[in-house]
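Let me begin by presenting the structure, written as structure tokens, before commenting on it.
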Amino acid sequence: MKILVVDDEMRIARAIKQGLEQDGYAVDLAFDGEDGYNAARADDYDVIILDVMMPEMNGYEVTQKLRSDGCKTPIIMLTAKDQGRDIVKGLDSGADDYLAKPFSFDVLTARIRALLRRPQEAIANILEVDDLLLDSVNRTVSRTKQPLSLSAKEFAILEYLMRNKNRIVSKQSIMTHVWDFDSTILPNNVEVFINYLRAKIDRPFLPSPALIHTVRGFGYIIKDPR
């Protein structure tokens, strides 16, 4: 999952980024409304966390512009205010949820998971490809019911592949969705992590069918052999 955090309070934005990255999310930051709007338009995010009071454009304006552009990405608004009229204004502008500062980080992550479970944009918590299971909430992976130990990046890449099972995903799309904008990452790094994944989820289970396949010139695909 990839998240955009837009907040002019840099300390808060970086603290949110650090916490979310520890939970396995890729996170980009923007520090004013205009940059946040441009980032949201330029990339594909699963959730946007948006402060209300910011320079250039406030959170209400950013939300309204994104919705008028047809952006359906779930938006959580953050504010120092907790008055009913501000909550109403935020939700009416197109936001999906609202948190008043200060807030519990556990509550924020629970709100993110709740948004991702909404039926309209149904995003499953349990992913399955043949006998490979991934639980995105508890962050566990198993094959033939045997638990597998993955690094955070291995887990993120596998989750992205499984959410796109039976579809080819390019190295560029993996780089864009799994690493944040400021990361120094090359296509060869993707190849390295794919090899790590194969060594953990395919090779130990031979002669069971391999699940991760290379499509030369295009990228990778995880196939359900059934």
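The values are calculated or read from the model by the stated rules, or taken from the named source; none is laboratory data. Values in this document were obtained by computation on a predicted structure and should not be read as measured data. Don't worry about glycine lacking a Cβ; one is built from the backbone with ideal geometry, like all the others, and counts go over all protein chains shown. Surface accessibility is based on the protein's heavy atoms, side chains included, excluding ligands, DNA and RNA. Shrake-Rupley method; radii C 1.70, N 1.55, O 1.52, S 1.80 Å.
Averaged over its residues, the chain has an accessible area of 51 Å² per residue, based on protein heavy atoms and a 1.4 Å probe.
Ranked from largest, the principal axis spans of the Cα set of segment 177-226 equal 40, 21, 16 Å.
Measuring how big the chain is from its alpha-carbon positions, Rg and Dmax come out at 18.8, 62 Å.
Working from Cα pairs under 8 Å separated by at least six residues, relative contact order for the chain is 16 percent. Accessible surface of segment 81-226, 1.4 Å probe: 53 percent of it comes from carbon and sulfur atoms. Taking the longest Cα principal axis of the chain as reference, the axis of helix 33-42 is set at about 30 degrees. Under the combined filter of DSSP loop state and at most 16 neighbouring Cβ atoms within 10 Å, segment 37-96 retains these trypsin sites (Lys or Arg not before Pro): LYS72, LYS81.
With respect to the chain, whose longest principal axis is taken over its alpha-carbon atoms, helix 10-22 is tilted by about 20°.
For segment 151-186, chymotrypsin sites (Phe, Trp or Tyr not before Pro) meeting the loop criterion (DSSP other than H, G, I, E, B) and having at most 15 other Cβ atoms within 10 Å: PHE181. In degrees, nearest 10, range 0 to 90: what is the angle between the Cα axis of helix 105-116 and the longest Cα principal axis of the chain? For 105-116 against the chain, the angle is about 70 degrees. Under a 5 Å amide H cut-off, with hydrogens placed 1.01 Å from N, ILE49 pairs with LEU4, VAL5, VAL6, ILE76 among residues at least 5 apart or on other chains.
Only loop residues by DSSP count here, and only those with at most 14 other Cβ atoms within 10 Å; note down the trypsin sites (Lys or Arg not before Pro) in segment 107-197 that meet that. Taking segment 107-197 and a limit of 14 other Cβ atoms within 10 Å, the loop trypsin sites (Lys or Arg not before Pro) found are ARG117, ARG139, LYS145, ARG167. Annotation: amide H of MET54 within the under-5 Å range of GLY59, sequence separation 5 or more or interchain, hydrogens built in the peptide plane.
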